[in-house]
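Notes follow the structure.
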Amino acid sequence: MTQEQFEREKTYRVTLSIARTMLQNGLITEQEYKKINIMILEKYRPLLGFLCR
């Protein structure tokens with residue numbers, strides 16, 4: 001894994017964690033969470049993140 005790939009993976013996971021917290025706190029719906037996940041997958045293109053989808 002290159003440094004760039006690592007940074008993309010890290011950024012994806014941090015962003016997803018924030019969205020998950022928002023979901024747990026009732027700030028967004030499950031459907032919004034799924035949309036956010038797709039958007040950040042497309043933006044950051046993480047190597048391992050695609051396996052978690």
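The values are calculated or read from the model by the stated rules, or taken from the named source; none is laboratory data. Since the structure is predicted, the reported quantities are computational estimates derived from the model, not experimental observations. So basically every Cβ, Gly included, is an ideal-geometry build from the backbone, and we count neighbours across all protein chains shown.
Quick rundown of the values:
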| read-out | value |
| --- | --- |
| Region 1-31 - residue that is exposed (fewer than 11 other Cβ atoms within 10 Å of the Cβ) and of a type in the set (D, E, K, R) and, of those, farthest from GLU42 (Cα to Cα) | GLU30 |
| Every residue from region 21-45 that is on the phi < 0 side of the Ramachandran plot, over 9 Å from the mean Cα position of the chain (by Cα) and either charged (D, E, K, R) or at pLDDT below 95 (or both) | GLU30, GLU32, LYS34, LYS35, GLU42, LYS43 |
